[in-house]
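Written below as structure tokens is the structure these notes are about.
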Amino acid sequence: MSKVGIAAESRRIDTLLLRALCFGPKSYWELMREGKAQTHQVLKALQSLLEGELAAYNGDRFVITEKGRRQAETMGLERVAEQRCEVCAGRGIVLRPPFDSVLAAFQDIAAMRPKATPDFDQGYVTPETTVRRLALMAQQGDLMGRDILLLGDDDLTSIAAALSGLPRRICVLDVDERIVRFVRDVAQDQGWDHVHAEVYDVRDELPSHLRGQFDVFFTDPVDTVKGLLLFLSRCTEGVRGPGAAGYFGLSYLEASWRKWRQIQQGILDMGFAITDMLSAFQDYLLEDIVFLDWAHMAPAPVKEPDIPFYVSTVYRLEMVEEPRPLFFGWVEFEQDFYYDEEFCGKE
């Protein structure tokens, strides 16, 4: 990005944070969401507000100062109220039948799943997020009577989907044997003979019996370019062809817009059109996000997270040409498959 572009982006983030503070004190975690940018950019903007005495920290919340309020008034920030829907928080999805009842049943089952592990960069989304995914898929015609492929399923989207009674077939591929066993056990207990789970390492080529067998896929992979495109490439092998749909999540907290563009180019190269992007659609369970030291990066001593600050955008893709996977056969990767220079944690 050019110096002009960087300056413009910085001004945008500064404005978003200052505007948020106009409407009341905010926690560090709330401002991380409000910044709508990479973590280091939000931190730089927050530090700038503090150093410019436009904001202050009272030991609990960040607050706007008198100087900051005058600046906000000059910019007209107080004239623009919150525009997001209070019911759906801007997601466009409210859980209605059958998904409202699915959520209650799913929460009981999900409470028994294995704990997230850093070995596979796991971090579960909230149960509400898992079920909202399905409501979104149903709204788009991608759930009822469909054959669904889930590449990685620590969020147990397979179980929530089965509880809805809508998909025709559900297949889970996951490298974590604990997740595979859990899905199998629940499927056996529930009598779901249309739910299948097997251990699969995304470095391997997709098993031949799964190629070209699915109408829809969902995956929530790592946020590195290579990692994400490898997951999407394997999913591309699994779909039947034009008309198939796919969903995945991508966070702006650990992925620059330049990285987004690289990923989007790869998506187009594989034969997909990007039909939908729902910002901040997925909330992650804070205690299960591993190797992240967000509090340590804060410009002031902050308290424990008070909201799900780590969010990701959900993409919907539709195959419009013959599938063109970017990777074939075995793919070797090192630590940079999971973590790149934009990763916000520490080892």
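The values are calculated or read from the model by the stated rules, or taken from the named source; none is laboratory data. Note that this is a predicted model, so its numbers are computed, not measured. Because the Cβ atoms are built from the backbone with ideal geometry, glycine has one as well, and the counts that use them run over all protein chains shown. Areas reflect the complete protein model, heavy atoms only, side chains present, ligands, DNA and RNA absent. Shrake-Rupley method; radii C 1.70, N 1.55, O 1.52, S 1.80 Å.
With the requirement that a residue be in a helix (DSSP H, G or I) and more than 24 Å from the chain's Cα centre (by Cα), what does region 15-27 give you?
Of the residues in region 15-27, the ones in a helix (DSSP H, G or I) are 15-22.
Thr15, Leu18, Arg19, Leu21, Cys22, listed by residue number.
Just the residues that are of a type in the set (S, T, N, Q) and either out of contact with any helix residue (DSSP H, G or I) (no Cβ under 7 Å at 6 or more places or on another chain) or crowded, with 23+ Cβ neighbours inside 10 Å (or both), please, taken from region 242-269.
Ser251, Ser256, Gln264, Gln265
Only one residue in Val314, Val239 is open to solvent by less than 40 Å² (accessible area, probe 1.4 Å) and under 30 Å from Ser27 (Cα atoms), so which one is that?
Values: Val239 fails: under 30 Å from Ser27 (Cα atoms).
Exactly one residue qualifies, and that residue is Val314.
Take the residues in region 205-245 that are of a type in the set (Phe, Trp, Tyr) and assigned to a strand (DSSP E or B), then tell me which one is nearest to Thr126 (Cα to Cα).
Phe218
Checking Gly152 against (1) touching a residue at least 60 places away in the same chain (Cβ under 8 Å); (2) out of contact with any Asp or Glu (no Cβ under 6 Å at 6 or more places or on another chain); (3) of a type outside the set (S, T, N, Q): exactly one of these is not met. Which one?
(2)
Return the residues of region 220-236 that are open to solvent by 10 Å² or more (accessible area, probe 1.4 Å) and at pLDDT 95 or above; say none if nothing qualifies.
Result: Leu229, Phe231.
Within region 145-164, track down each residue that is over 22 Å from Leu206 (Cα atoms), assigned to a helix (DSSP H, G or I) and among the small types (Gly, Ala, Ser).
Ala160, Ala161, Ala162, Ser164
Tell me whether region 25-43 contains one or more residues that are surrounded by 14 or more Cβ atoms within 10 Å (Cβ to Cβ), among the small types (Gly, Ala, Ser), out of contact with any His (no Cβ under 9 Å at 6 or more places or on another chain) and closer than 19 Å to Glu9 by Cβ.
Looking through region 25-43, at least one residue is surrounded by 14 or more Cβ atoms within 10 Å (Cβ to Cβ), among the small types (Gly, Ala, Ser), out of contact with any His (no Cβ under 9 Å at 6 or more places or on another chain) and closer than 19 Å to Glu9 by Cβ.
For region 166-191, which positions are out of contact with any Gly (no Cβ under 9 Å at 6 or more places or on another chain), surrounded by fewer than 18 Cβ atoms within 10 Å (Cβ to Cβ) and under 28 Å from Pro97 (Cα atoms)?
Correct list: Arg169, Arg184, Asp185, Gln188, Asp189, Gln190, Gly191.
Kindly establish whether Glu205 is charged (D, E, K, R), open to solvent by 10 Å² or more (accessible area, probe 1.4 Å) and either free of Cβ contacts under 8 Å to residues at least 40 places away in the same chain or in contact with a strand residue (DSSP E or B) (Cβ under 6 Å, 6 or more places away or on another chain) (or both).
Criteria not met by Glu205.
When the residues of region 44-82 are filtered to those that are of a type in the set (S, T, N, Q) and within 12 Å of Asp14 (Cα to Cα), which remaining residue is surrounded by the fewest Cβ atoms within 10 Å (Cβ to Cβ)? Steps first, answer last, please.
Of region 44-82, the ones of a type in the set (S, T, N, Q) are 47-48, 58, 65, 71, 74.
Next, from what is left, pick out any that are within 12 Å of Asp14 (Cα to Cα): 47-48, 71.
Values: Gln47: 14, Ser48: 16, Gln71: 20.
So, considering only residues that are of a type in the set (S, T, N, Q) and within 12 Å of Asp14 (Cα to Cα), the one surrounded by the fewest Cβ atoms within 10 Å (Cβ to Cβ) is Gln47.
Confirm whether Ala273 is exposed (fewer than 14 other Cβ atoms within 10 Å of the Cβ), of a type outside the set (D, E, K, R), under 29 Å from Glu9 (Cα atoms) and in contact (Cβ under 8 Å) with a residue 24 or more places away in the chain. If you could, list the steps in order and put the result at the bottom.
Details: exposed (fewer than 14 other Cβ atoms within 10 Å of the Cβ): yes; of a type outside the set (D, E, K, R): yes; under 29 Å from Glu9 (Cα atoms): yes; in contact (Cβ under 8 Å) with a residue 24 or more places away in the chain: yes.
Spelling it out, Ala273 is indeed exposed (fewer than 14 other Cβ atoms within 10 Å of the Cβ), of a type outside the set (D, E, K, R), under 29 Å from Glu9 (Cα atoms) and in contact (Cβ under 8 Å) with a residue 24 or more places away in the chain.
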